[in-house]
Structures are given as structure tokens and as C-alpha cells.
Amino acid sequence: MLNEFIQRLLMLRHFSMEKDHIELFKQDQFLIDTDFIALLEEQNPELVYALVKKNAAEKIVVYAKAMGSSPENISIDTLKSLFGSLGYGNIEILSFNREDKRMTLKLTNNPVAKAYKRMKKKASKPSCTFISGVFAGVFTKIFEKDTNCKELGCETVKGDSCTFIIE
Ligand SMILES: [Zn+2]
């Protein structure tokens, strides 16, 4: 069954899946296998992080505007729904302070980390550079300052979740 956020986006025509075309907030979309993302991360983590950060910072402005808002006013619940709908996994906020421009969060059911583990089995250091880049870009606009995301713990190294600090 479609999640509620996607149902709402469909109703508002913010999301469409036609015969040969997918659109989200008027931006063309393209489904990519998570194995491919994990391969990219392994090849060049710094480049993946930088490019994804730049793109996410641009797109969150477009997405927020389409929802009649702006990044600095977007609610954390909306962001969680958006990330979940995009298939990034389940986000749990561990701490959040808009004034200090700092957030820590835990991500479970992260499909790219699972793909990485399937292919590489184990990593020596946190490897979720794609999602780190997304958080860095999005929160650069939300906090209205250049923000970075560091992965403190990663399920490709140990455990079954990833934790991130965004500041
Ligand atoms: Zn991770």
C-alpha cells in the first residue's frame, strides 16, 4: 500500500508516475538500484558527498516551495515523511536544536547500507556518504548556513542502524 505522504502528494499532483515518466514536485525522477549507489560510495565517497550535498541543497528549496513553504520553515515531520517516501529508511531524531543549528539522528532500514553489506560484507569506516550528503545539503538550507553531516556509527561497520550528526 502507498504511504500516506505519497497519497497526499498524488492528490495534490506533486507526484506522478505515468507510462514512461516519473515526476516529484515537477522534477524528473529516475529509479536507481541501491547496489549502484553503494558502488558509487565505495568508488569515490568524497565526490558522492559533495555532489549529493549540492544537489540536495538546490532541490529542497524547489520541494519546499512546491509545498507552499521554504526550507527554514519546513517541519521535521514533513522531512521525515519525505525521506521515508523516497525510500531512505526510518529516521529517528535523537536531538534537534534549530537555534544551535545542530541535529543528531538515527537511521534504520537504510537500503543503501544493506546493499553495501550484501556486496562488501563489512566496512572499516562509516560508508553512507550519499545519505550524509543529502542531510548536509538539506540542512544547509534549513539552518541557513553551510552545514555538514558526519556519520558517527554505521551499520556497514557494526550494528543495525546508522547515526549521524548534522551541524
Ligand atoms: Zn551507515
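No value in this document is a laboratory result; all are computed from the given coordinates. Predicted model only: the values in this text are computed from it and were never measured. Using ideal geometry, Cβ is built from the backbone for each residue, glycine included, and neighbour counts are taken over all protein chains shown.
So if each residue of separation counts as 0.36 nm, and I subtract the Cα-Cα distance between SER16 and GLU4, what length gain in nm does that give?
2.9 nm
How do the peptides 54-60, 132-138, 119-125 rank, highest first, by the average count of neighbouring beta carbon atoms within 10 Å per residue?
Final packing ranking: 132-138, 54-60, 119-125.
Subtracting the Cα-Cα distance from 0.36 nm times the residue separation, let me have the gained length for ASP160 to LYS106 in nm, one decimal.
Difference between extended and current length: 18.4 nm.
So which helices of the chain fit the span-like rule, where a helix is a whole DSSP H run, its Cα atoms reach 20 Å or more along the axis, and its mean Kyte-Doolittle is at least 0.0?
Details: long enough: 45-66 (31 Å, 0.35).
For the chain, where a helix must reach 20 Å along its axis and average at least 0.0, the hits are 45-66.
Normalised by the number of residues in region 33-103, what is the relative contact order in percent for Cα pairs under 8 Å and 6+ residues apart? Before the final figure, lay out the partial values.
Numbers: 20 pairs, mean separation 8.1, N = 71.
Contact order relative to length: 11 percent.
What residue among THR147, SER81, ILE93 has its Cα farthest toward the positive end of the dipole of the chain, where the charges are +1 on Lys, Arg and -1 on Asp, Glu, each on the Cβ?
Farthest along the dipole direction, towards plus: ILE93.
Between rounded, prolate and oblate, where does region 78-123 land on the alpha carbon gyration tensor, with a ≥ b ≥ c its root eigenvalues, rounded for a/c under 1.5, else prolate if a/b exceeds b/c?
Cα axes put region 78-123 in the oblate bin.
Using +1 on the beta carbon of Lys and Arg, -1 on that of Asp and Glu, and nothing else charged, what's the dipole of the chain about the Cα centre, debye to 20? Numbers along the way, then the final one.
Values: 24 positive and 22 negative charges, 57 e Å.
Here the size comes out at about 280 debye.
Calculated from DSSP H runs of 4 or more alone, at -39500 (n - 2.57) each and per residue, what is the 222 nm mean residue ellipticity of the chain, nearest 500?
-14000 deg cm²/dmol
Assign one of three labels to the chain, namely rounded, prolate or oblate, based on the Cα gyration tensor with a ≥ b ≥ c the square roots of its eigenvalues; rounded applies when a/c is under 1.5, prolate when it is not and a/b is larger than b/c, and oblate otherwise.
It comes out oblate by the Cα gyration axes.
Note down the relative contact order for region 55-167 as a percent, whole number, built from C-alpha pairs under 8 angstrom at least six residues apart. Please report the intermediate quantities before stating the final value.
Numbers: 182 pairs, mean separation 32.0, N = 113.
Dividing the mean separation by the residue count of region 55-167 yields 28 percent.
Between region 9-67 and region 102-165, what is the separation of their alpha carbon centroids in Å?
Their Cα centres are 17 Å away from one another.
Find how much the distance from ASP28 to GLU167 grows on full extension, using 0.36 nm per residue of separation minus their present alpha carbon separation; answer in nm with one decimal.
47.1 nm
Once label points are set 7 Å from the Cα along Cα→Cβ at both LYS145 and GLU42, what is their separation, rounded to one decimal in nm?
Inter-label distance under the simple model: 3.8 nm.
If each of GLU58 and LEU94 carries a label point 7 Å out from its Cα toward its Cβ, how far apart are those two points in nm?
Inter-label distance under the simple model: 3.2 nm.
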